[in-house]
Every structure is written in C-alpha cells, then in structure tokens.
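> Here's a structure for you.
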Amino acid sequence: MTVAVRLAAVAVVAVVAVAAAAMLLNRPGPGRLTQAQRLVGRDARFANGPKAGAAFADLSHLLLDDARSCARQHSQSDNRCASRFSAAAYTSVAAFVLTRCTQPGVYRARRDLMTELTAIGAVDRLHGVAPPPPIPSFPSC
C-alpha cells in the first residue's frame, strides 16, 4: 500500500469514528415533557404536601427550561411553547399551595397536572395547530 492509500484509509476510519461518536452524544433522550410525566408518576415524590410542593417546584423548572427551548426553536407565541410556559407558571404557584395540602388535595393536583401534560403532548403532535390546554384550577386543600 502506498502512503496515499494508507492516509485515505485512516481518514475514512477517523470520519466514521467521529460520526459514530456524534450520533451517540446527540442521541435524543426522553424529552422534558416525558421527564415531567415520569416525575408526576413517581409516588414517592407526592407522599405528603411538602414533598408534593418540592416536586411541583422541580416540575416548574423543568417545564420552564422546556418552554424556553421551544421558544428558541419556534416562537413564544407558538401554542406548543405557550402551553409549556403556562404549565411552568401553574406548577410554580401550585408548589407553594401544595406544601399545606393533605393527600386528597395532592392527588387532585397531581391528576390535573398529568391531564395537562397529556394535553400539551397532543398540541405537540398537532404541530401547535391546536390551542393550548386550559390551566388546571389551583389545588384546594
């Protein structure tokens, strides 16, 4: 083999290795909406009012990050993004209310949020054509 052929072979191997590494590093993981749904599904995070409040605070940060990312890709007025901004605001305020809730109030807030997250997923599947889902009522404890 000549030097040129060897260099070409090394270059091809390097390109393939870089492409494979890029694909592994950029492999999509669960989206933030899916992460939020999984968090809402974790019973241990909702054992009492203070734990539920902390979970909702975490959800608020997660949804706000997701909304900002959505706005960079689309626009703030896109229904997909507006839905996330609304959910982030709702969970932020609900977090404070939930700290004083008993189990029935925690259950209703958790159920209502899961319904909203599912509705946001439906807005996503329709590429933002559907209107944002209504914001759940705040927990009554």
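The values are calculated or read from the model by the stated rules, or taken from the named source; none is laboratory data. In this text, all values refer to a predicted model and were calculated from it rather than measured experimentally. Cβ sites come from the backbone with ideal geometry, for glycine too, and all protein chains shown count toward neighbours. Accessible surface is based on the protein model in full, side chains and every heavy atom, while ligands, DNA and RNA are left aside. Shrake-Rupley method; radii C 1.70, N 1.55, O 1.52, S 1.80 Å.
> With each label point set 7 Å from Cα along the Cα-Cβ vector, what nm distance links Thr118 and Ile135?
Each label point lies 7 Å from its Cα, and together they span 2.2 nm.
> Something else about it: When the solvent-accessible surface of protein heavy atoms is calculated with a 1.4 angstrom probe, in what order do Leu62, Leu113 fall, highest first?
The ranking, largest first, comes out as Leu62, Leu113.
> If you stretched the chain out fully between Arg68 and Ala44, how much longer would it get, using 0.36 nm times the residue separation minus the C-alpha to C-alpha distance? Walk me through the numbers before you get to the answer.
Working: separation 24, 0.36 × 24 = 8.64 nm, distance 2.83 nm.
Length gained, Arg68 through Ala44: 5.8 nm.
> What is the distance in Å between the Cα centroid of the stretch 95-119 and that of the stretch 45-65?
10
> Also: How much length is gained on full extension from Ser75 to Arg125, taking 0.36 nm per residue of separation minus their Cα-Cα distance?
16.3 nm
> In the full protein assembly as shown, how much of Cys70 is accessible to a 1.4 Å probe, in Å² to the nearest 10?
Looks like 10 Å² after rounding.
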